[in-house]
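Since the structure comes first, as structure tokens, the remarks are kept for the end.
The values are calculated or read from the model by the stated rules, or taken from the named source; none is laboratory data. Not measured: the values here are computed from a predicted model. All Cβ positions, even for glycine, are placed from backbone atoms using ideal geometry, and neighbour counts span all protein chains on display. SASA here: full protein model, heavy atoms, side chains in, ligands and nucleic acids out. Shrake-Rupley method; radii C 1.70, N 1.55, O 1.52, S 1.80 Å.
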Amino acid sequence: MVVKILRKERRGRLIFEIQFRGISRRFEWTVEPRYWRNPIIATILWLLAPVFLWMVGRYSLISTLVFANVVAMISVAYSLRVIGTGRLDFGPIFFVALGGYVAALTSKWYGLGPLETFFIAFLMGIFIGFLLSPIVVISRGIYYTLITFVLPFVLYEIAYWRSDIFGAETGIPGVPPLLPLINPIEAELAYFYLSAVFVLAYVFFVDKVLRSKYGLMMGVLNEDEDIANMYGINTNYIKIIIYSITSGMISLAGWFLAHYYMSFTGVLYLSPEFLTLILLSAVVGGKGAVYGAVVGSYFVIGVRELTRIFLGGYSIVVFYAVALSMIFLLPEGLWGLYRKRRYREYIPSIKVRRKT
Amino acid sequence: MGYGLSFLTSVYLTWTFWKMLGFDLWLSIPMAVAATGLISMALFPVIRRYLDAEDYLLITLVLIFLIGEEVINIIYPIETGVYLPTYIFAETIKLGAISITSQYIFLSFLSLVIFVLYIFILKFTKTGLIIRAISQDLDTSKLFGVNVNLIYAMSLGFAVVAPAFLVIFYSPLTRLDPFMGFPLFITALQVAVLGGLGNLKGTLIAAYVIGFIHSAVGFLIDPRAMNLASLIAIIVILLIRPRGLARAESIW
């Protein structure tokens, strides 16, 4: 049997020709995101991945996939925030810790279950995001980035100052599990699918927003905030709404982590290492690309896990070196590589503002 | 973002030159400081590549910092017991009810001397004038024939020499470990942002404001709330004065 891959006859299409005992058949494959075939296949493979790991007995890797999903949740919301505010934000981890602390403390103090803490963490994220949203109106450029970079350290210091409440490095134990499952493997699978539902919901929501008229406004805001104002777009309104909503979305990642691990150690998520994971996921996936944030999260968490398994003490250095190489060699990101084959502007692209 | 690495490289390179390569301690110090400056200058191609993409630049520098931190941790883990006996004055002075190590007073004077030196270079030398010109308008500076790349690289080296030098004399007063760079960087960042990026007068005022907040909160309320108080103060002040206490990018 001879399998011959012919050259692309048209852009975005691969044509395979299989020859077997004189009989030849041609297959066409459309490499184009707007056709649903590839995304559906990718989604099916993604959803079958933990089942495959379960079959080959690599149970521990399922929890890696769950963590990748949580990082994807944060990265997708973060991408929307960066697009919607037109500013580079270094503070998403603040809201991860906030959501986790709210879930853990309300569970501990009031005996609330995951469903109640879900709403409380989400609403608290939105509320605190709204309270902090003047930052997004007042500050620009590098000042905004640095203020948001400093923001998580406020929570970090509070966690150590009032370690009797926040637990500092020991965390807050006794958070009720998200799913009442006894079998750990079944529980991991269930957690994977639950987190996957969150990722899909986030992607769907962000995609819808970016394709709406508000997405168009965000695109203008990204290009030039002053021009957007001249066109009559209420940029402050958009920025505050997006900042608040994405704060709630990111808080839910913290809520998930608290109930998934049944304890919450916020200082772990307030570290520059965790921030780097989020930023890398967004950048390696493709700057401003919503689908790319999911791909980037899996890539980043995958590489981190592989280096941890195979390289031991050198894993962190190699992981960061790989990430650095990715940024250097592939500035458009993994999703950008896919898009470059046939460029179309599906969603507003990010342009980092340089005005200070 | 990669600034924290300069604290680490100067301390650990001093140790390397002194203990590992057998140089005299006082010779190792200028060698380590010079090497730190050169490392910083060597990063210039990376910075030039991302000058117009601040997100990539900041993430890249964070990664370089984290890689440097981990490499130092692999070579010199905490158990190595890195220690630099760079005491100039070891005794303790009593000022009324307060006892203070003489090295702190020496460090304060040394910092002020270096600060004045930087002001002099930036305000009264031709190089300083060129640096200010680039800061004002890059394209116009190019039109005037300024070798922008050279000045950028020089500035990078110039920027890390002072902290690299000072941290060596600060090291006997603190615990040395491969992860000491980040807290120092955060404090430096607080001062720089509060003062107004690029403004030395603002930086000086901000350093005293942060220092005063640390001391007051640590003495009157709770030492564990020192950093928290300064962080909250910075956020509040920046909401009122978004570009810091002094006008940014005006040197003085």
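Identify which of B:Ala225, B:Ala159, B:Ala32 has the largest mean-square fluctuation in a Gaussian network model of chain B, with springs joining Cα atoms closer than 10 Å.
Fluctuation is largest for B:Ala225.
Going by a 1.4 Å probe on protein heavy atoms, which residues of the stretch A:131-165 end up with at least 40 Å² less accessible surface in the whole assembly than in their chain alone?
A:Ile138, A:Ile142, A:Tyr143, A:Leu146, A:Ile147, A:Phe149, A:Val150, A:Phe153, A:Val154, A:Glu157, A:Trp161
Taking a temperature of 20 °C and a viscosity of 1.002 mPa s, what whole-number D in µm²/s does Stokes-Einstein yield for the stretch B:109-252 with Rh from Kirkwood over alpha carbon pairs?
Translational diffusion coefficient: 128 µm²/s.
If I stretch the segment between A:Arg26 and A:Ile165 completely, what's the gain in nm (0.36 nm per residue apart, minus their alpha carbon distance), one decimal?
Extending this stretch completely gives an extra 43.4 nm.
Report the extension gain between B:Phe109 and B:Glu54 in nm, rounded to one decimal, defined as 0.36 nm multiplied by the number of residues separating them, less their alpha carbon distance.
Extra length available between B:Phe109 and B:Glu54 comes to 16.2 nm.
Summing Lys, Arg as +1 and Asp, Glu as -1, what charge do residues with Cβ under 15 Å from the Cβ of A:Ile62 carry, A:Ile62 excluded?
-2
So what are the ³J(HN,Hα) numbers for the stretch B:116-123, from phi and the Karplus equation (6.51, -1.76, 1.60; θ = phi - 60°), rounded to whole Hz, Gly and Pro as x?
Using θ = phi - 60°, the values come out as 4, 4, 5, 4, 4, 4, 6, 8 Hz.
Could you check which residue among A:Ile74, A:Ile301, A:Ile41 shows the biggest mean-square fluctuation in a GNM of chain A with a 10 Å Cα cutoff?
In the Gaussian network model the winner is A:Ile41.
Rounded to the nearest 10 Å², what accessible area does A:Met262 show when all protein chains are kept and the probe is 1.4 Å?
90
When a/c is below 1.5 the answer is rounded, else prolate if a/b is larger than b/c, else oblate, so apply that to the protein assembly as shown with a ≥ b ≥ c taken from the square roots of the Cα gyration tensor eigenvalues.
Judged from the Cα gyration tensor, the protein assembly as shown comes out prolate (a/c at least 1.5, a/b above b/c).
Ignoring ligands, DNA and RNA, what percent of the 1.4 Å accessible area of the stretch B:180-252 is carbon and sulfur?
In the stretch B:180-252, the share of accessible area belonging to carbon and sulfur is 72 percent.
Among B:Gln190, B:Gln136, B:Gln103, which one shows the highest mean-square fluctuation when chain B is modelled as a Gaussian network with alpha-carbon springs under 10 Å?
B:Gln136
For an R0 of 25 angstrom, estimate the FRET efficiency from the Cβ-Cβ distance between B:Ser215 and B:Tyr87 and round to the nearest 0.05.
Efficiency computed from Cβ-Cβ geometry: 0.60.
Using amide H atoms built 1.01 Å from N in the peptide plane, name the residues 5+ places from B:Thr101, or on other chains, whose amide H lies under 5 Å from its own.
So B:Thr101 has HN proximity to B:Ile93.
Express the Stokes-Einstein translational diffusion coefficient of the stretch B:85-187 in µm² s⁻¹, to the nearest whole number, given a Kirkwood radius over alpha-carbon pairs, 20 °C and a viscosity of 1.002 mPa s.
131
When the helix-only estimate is applied to chain A (DSSP H runs of n ≥ 4, each -39,500 (n - 2.57), divided by the residue count), what is the mean residue ellipticity at 222 nm, nearest 500 deg cm²/dmol?
-23000 deg cm²/dmol
Under 15 Å from the Cα of A:Lys239, which aspartates and glutamates turn up, not counting those fewer than eight places away in the same chain?
Within the straight-line limit of under 15 Å, A:Lys239 reaches these aspartates and glutamates: A:Asp89, A:Glu223, A:Asp224, A:Glu225, A:Asp226.
Classify chain B as rounded, prolate or oblate, taking a ≥ b ≥ c as the square roots of the eigenvalues of its Cα gyration tensor: rounded when a/c is under 1.5, otherwise prolate if a/b is larger than b/c and oblate if not.
Taking the square roots of the gyration eigenvalues as a ≥ b ≥ c, chain B is oblate.
Quick one: which residues, 5+ away or cross-chain, put their amide H under 5 Å from the amide H of A:Ser263? H built at 1.01 Å from N.
Answer set, sorted by chain and number: A:Val175.
How big is the charge dipole of the protein assembly as shown about its Cα centre, in debye rounded to the nearest 20, if each Lys and Arg gets +1 on its Cβ and each Asp and Glu gets -1 on its Cβ?
Around 2120 debye, computed over the protein assembly as shown.
Given a 1.4 Å probe and every protein chain left where it sits, what share in percent of the accessible area of chain A is carbon and sulfur?
68
B:Ile237 to B:Val148: extension gain in nm, 0.36 nm per residue of separation minus the Cα-Cα distance?
28.7 nm
Simple spin-label model, 7 Å along Cα-to-Cβ: A:Leu14 to A:Ala201 in nm?
Each label point lies 7 Å from its Cα, and together they span 3.5 nm.
Enter the accessible area per residue of the stretch B:180-252 (Å², integer; probe 1.4 Å; all protein chains in place).
For the stretch B:180-252, the solvent-accessible area averages 47 Å² per residue.
Would chain A count as rounded, prolate or oblate if I go by the C-alpha gyration tensor, calling it rounded below 1.5 in a/c and otherwise prolate when a/b exceeds b/c, oblate otherwise?
Oblate is the answer for chain A, as a/c is 1.5 or above yet b/c matches or exceeds a/b.
Return a single number: how many Lys pairs in chain B, at a sequence separation of 8 or more or on separate chains, have alpha-carbon atoms below 23 angstrom apart.
For chain B, the number of qualifying lysine pairs is 4.
Just by accessible area at a 1.4 angstrom probe, what is the order of A:Arg211, A:Arg81, A:Arg140 from largest to smallest?
Reading off the accessible areas and sorting them downward yields A:Arg211, A:Arg140, A:Arg81.
With each pseudo-label sitting 7 Å past Cα toward Cβ, what's the B:Ser102-A:Val51 distance in nm, one decimal?
My value for the distance between the label points is 7.7 nm.
Go ahead and estimate [θ] at 222 nm for chain B from helices alone: -39,500 (n - 2.57) per DSSP H run with n ≥ 4, summed, over the residue count, rounded to 500.
-22500 deg cm²/dmol
Among bridges DSSP assigns within the protein assembly as shown, what percent are antiparallel (round to 5)?
So the antiparallel bridges amount to about 95 percent of the total.
For A:Ile83, A:Ile44, B:Ile119, give me the order by solvent-accessible area with a 1.4 Å probe, most accessible first, ignoring ligands, DNA and RNA.
Solvent-accessible surface, decreasing: A:Ile44, B:Ile119, A:Ile83.
Please turn the phi angles of the stretch A:265-281 into ³J(HN,Hα) values with the Karplus equation 6.51 cos²θ - 1.76 cosθ + 1.60 (θ = phi - 60°), one per residue in order, whole Hz, x for glycine and proline.
After applying 6.51 cos²θ - 1.76 cosθ + 1.60, I find 10, x, 4, 5, 8, 9, 8, x, 5, 5, 4, 4, 4, 5, 5, 5, 4 Hz.
Rounded to the nearest 100 Å², what's the accessible area chains A and B bury against each other, both chains counted, probe 1.4 Å?
4200
Can you work out the accessible area per residue across the stretch B:1-92, with the rest of the protein chains kept in place, probe 1.4 Å, in square angstrom?
Roughly 43 Å² per residue, with all protein chains present.
With each label point set 7 Å from Cα along the Cα-Cβ vector, what nm distance links B:Thr80 and B:Asp222?
3.7
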